[in-house]
């Protein structure tokens, strides 16, 4: 008697094992060929002449700017986001959940749209615009991560410290802040890495007067056609990010998680204060978006009547949608099996690290790697699949993170429970596994499509005239002189914001932890 | 009809998880399978359910040899230790799952699910989501899901294990009542003597993959098979 056949209720075990092997190997092969190999080539390339080409004083200036703007962005984001975080996590305001959802909108906007919004405010070419854009972007990170913990802190600890004679300010300083420190450290690390590797915002708002390493890589490769230098810069940036993440990881591991409960007490006075905080914060967040909308007036008719000289905007919209659809399919095919493997405890950490690497590696480096590595044996650099593949690499971490919790619901015990209740192997698949996988696929695909719609860094490198995407077209229009080009760019940014916003709202509903 | 397990042997990871276990459960009888953790209680249930194949021995229902019949054709019910509720289905979806697999019509399923929910005190709560239920409510849903297709044998694997003391007592008597009212043939696994005596009409003591002795508490206490049994029941 074949015990496995009995346990699984099926005969074709060989085929199932083969299927599992394919599902394991293919995603790894995909990441290997399209991520590890190109990035590896860049490492090799930089080891040669790359370092020698670098202009040292200029590089020092770039590295210094990258570091200090990321530091200032991080500190300013934390300071400015804390009042809003408090208001949304500690006070029972009406519409609190809606506001918490709305605060995520800036975070998911394409970098090009955020850059454009600040251009619309007339802040171009200043370092303040770059810092403001980074803050605008990252407020959501703090509200979500820190607010998540803050809202569940046990209120009795404040009562205890109040009874012991601590005034409100001291209570915040001595009790609240230490308990929030792990969440603050995690949020700070994320904001810092995003600001450190910032590309679209800095390219558009800095106008090459201010450049991060990421912009310098792009410039070296596209303006000076100096791929070895670009490779060396990529390696430098990779090392910085890896060091940062490792340090942040060590820091947050050392901090004990606070005791959590769920309760929300809010006296009337704090509700009024919280209301003012929310109104002011949302007012400020709305300013750039309103400016964007206002400056787009006239842009739509300009788009309809006058050729941009950069290809048809409708074609760019179509390209973006087609690319997003393909990237969604690819990222889901690669991400779901990885998420499934990650859900098993044995491989969890390794898979997690593996899929987070492309995120830590900047998109610009990925794009550069494609140009360097994918010319042979088959020249993929002209393939229409190239951009969707690049986008899917950037999207896979999001797919894995989002779908992992859903897929971990498929435990052996669930399948066994179905079998005992009379479901055969086929019925277990159709009634238990397939609905769960389908939902995870929809969620992952939606996330990937949203990431793809806004992706700019890798696209800027590898886009060809006939495959221009919306963010690339917007950036090119902004780089041109003339009011018509400007309002056309604003109009396209509004379109991109609308499409991304709708998609994210839909995905947010799917991503609710409940079924 | 009665359940008979003969000389069941299963090796798992190189050790004998079942080492010649023998068990008989008469029609309408509730046997409490009692033993320390790691003695093979859950393994025996999984083997009876058909989730785990025997290396040797056999499982019979009356005169029918079930040894090589897959789990989904045995018409046995098993309530899992951690409930194993389907997270993507509602309370009603979970409870009605077995009826759906039998190919019942939707109205009949709906009616019988409503009925089952009232047995376990969850009337009208069929639309709730699984992740909104408390531990005790999940336990009731799992119990209803196990009982509603009227399986010919019901197996309960430490059904009260994950609950706190206060609700344990109440649920224990509810389970006993449900099983008695329906004259269900059942195996009730526990490591708690008090619980075993309260629910089971007969005890089966298990140790190291074997059933050491069966009988009522009085029988076992007056004539313990060995010193271990005597110590265990003290």
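The values are calculated or read from the model by the stated rules, or taken from the named source; none is laboratory data. Just so it is clear, the model here is predicted, and its values are computed rather than measured. In this analysis, Cβ positions are derived from the backbone assuming ideal geometry, glycine residues included, and neighbour counts consider all displayed protein chains.
A Cβ distance below 6 Å, combined with a sequence gap of six or more or placement on separate chains, defines the contacts here; from region A:14-41, residues that are farther than 15 Å from residue A:389 by Cα reach residues that are modelled with pLDDT of 80 or more in the pairs A:23/A:337; A:41/A:372; A:41/A:373. Restricting attention to region A:410-420, the residues that are surrounded by 23 or more Cβ atoms within 10 Å (Cβ to Cβ) and in contact (Cβ under 8 Å) with a residue 24 or more places away in the chain total 1.
Matching residues to (1) within 7 Å of chain A (Cβ to nearest Cβ); (2) under 18 Å from residue A:415 (Cα atoms); (3) not in a loop (DSSP other than H, G, I, E, B):
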residue: B:53; (1), (2), (3): yes, yes, no
residue: B:59; (1), (2), (3): no, no, yes
residue: B:85; (1), (2), (3): no, yes, no
residue: B:100; (1), (2), (3): no, yes, yes
residue: B:104; (1), (2), (3): no, no, no
residue: B:108; (1), (2), (3): no, no, yes
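Checking A:364, A:334, A:372 one by one, the residue that is assigned to a helix (DSSP H, G or I), buried (at least 24 other Cβ atoms within 10 Å of the Cβ), in the same structural domain as residue A:452 (by TED's automatic domain parsing) and at pLDDT below 85 is A:364 and no other.
When you look at residue A:384, is it in a helix (DSSP H, G or I) and either over 26 Å from residue A:448 (Cα atoms) or touching a helix residue (DSSP H, G or I) at 6+ places or on another chain (Cβ under 8 Å) (or both), yes or no?
Values: in a helix (DSSP H, G or I): no; either over 26 Å from residue A:448 (Cα atoms) or touching a helix residue (DSSP H, G or I) at 6+ places or on another chain (Cβ under 8 Å) (or both): yes.
Answer is no for this residue.
Could we say that residue B:93 is without any contact (Cβ under 8 Å) to a residue 60 or more places away in the chain, at the interface with another protein chain (Cβ under 8 Å from one of its Cβ atoms) and part of a helix (DSSP H, G or I) here? No, not satisfied.
Selection of region A:421-430 for residues being in a helix (DSSP H, G or I) and buried (at least 19 other Cβ atoms within 10 Å of the Cβ) yields only A:428. Here the condition is being away from every other protein chain (no Cβ under 14 Å), touching a strand residue (DSSP E or B) at 6+ places or on another chain (Cβ under 8 Å), without any contact (Cβ under 8 Å) to a residue 60 or more places away in the chain and not in a helix (DSSP H, G or I); of B:126, B:38, it holds for B:126 alone.
Matching residues to (1) surrounded by fewer than 21 Cβ atoms within 10 Å (Cβ to Cβ); (2) within 10 Å of chain B (Cβ to nearest Cβ); (3) on the phi < 0 side of the Ramachandran plot:
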site	(1), (2), (3)
A:382	yes, no, yes
A:385	yes, no, yes
A:397	no, no, yes
A:408	yes, yes, yes
A:432	no, yes, yes
A:435	yes, yes, yes
A:454	no, no, yes
A:458	no, no, yes
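Restricting attention to region B:142-176, the residues being more than 23 Å from residue B:92 (Cβ to Cβ) and part of a helix (DSSP H, G or I) number 8.
What is the residue count in region B:74-83 for residues that are outside any loop (DSSP other than H, G, I, E, B) and more than 8 Å from chain A (Cβ to nearest Cβ)? Walk me through how you get there before you give the answer.
Step one: of region B:74-83, the residues outside any loop (DSSP other than H, G, I, E, B) are B:76-79.
When the remaining residues are screened for being more than 8 Å from chain A (Cβ to nearest Cβ), the result is B:79.
Selection size over region B:74-83: 1.
Would region A:77-87 turn up any residue that is within 29 Å of residue A:393 (Cα to Cα), touching a helix residue (DSSP H, G or I) at 6+ places or on another chain (Cβ under 8 Å) and modelled with pLDDT of 80 or more? Yes, that holds for at least one residue. Restricting B:83, B:97 to residues that are buried (at least 16 other Cβ atoms within 10 Å of the Cβ), out of contact with any strand residue (DSSP E or B) (no Cβ under 7 Å at 6 or more places or on another chain) and closer than 30 Å to residue B:213 by Cα narrows the list to B:83. When you check residue A:238 against the structure, is it modelled with pLDDT under 85 and part of a helix (DSSP H, G or I), yes or no? So residue A:238 fits the description; yes.
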